[in-house]
Amino acid sequence: MRVALDTNILACAEGTNGAAMKDAALGLVEALPPGSAMLPVQTLGELFDVLVRKAARAPASARTAILTWSDGVTVTNPFAASRHPLLEALLAP
């Protein structure tokens, strides 16, 4: 079974809603079987926006979080054969 992670789960796991929610979200993600998680490309873009606007992180810090989440996980784009150009620009060093 494959599971697509939602922006809310990732945002909570990044600590945007407090320590208790962070622990709960990380516990949920860690409980998933290896290789079962997918990240829709839209989720990563939304996470960047949440981290920069709501959590007031620097864009470079938000970029690092996105790269960390996408490392070792299947990033999916149901609307195209490749990543969206805006995400590519966001992930560029």
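The values are calculated or read from the model by the stated rules, or taken from the named source; none is laboratory data. Predicted, not measured: the structure shown is a model, and the values here were computed from it. Cβ coordinates were reconstructed from backbone atoms using ideal geometry, including for glycine residues, and neighbour counts include every protein chain displayed.
Tabulated values for the structure
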{"quantity": "Of all residues making up region 31-78, the number that are among the aliphatic types (A, V, I, L, M), in a helix (DSSP H, G or I) and closer than 21 Å to residue 17 by Cα", "calculated": "10"}
{"quantity": "Residue that is nearest to residue 12 (Cα to Cα), among those in region 39-93 that are basic (Lys, Arg) and modelled with pLDDT of 85 or more", "calculated": "54"}
{"quantity": "Single unsatisfied condition, residue 28 versus (1) assigned to a helix (DSSP H, G or I); (2) within 16 Å of residue 67 (Cβ to Cβ)", "calculated": "(2)"}
{"quantity": "Restricting region 10-67 to residues that are exposed (fewer than 13 other Cβ atoms within 10 Å of the Cβ) and of a type in the set (A, V, I, L, M, F, W, C), the residue that is nearest to residue 93 (Cα to Cα)", "calculated": "60"}
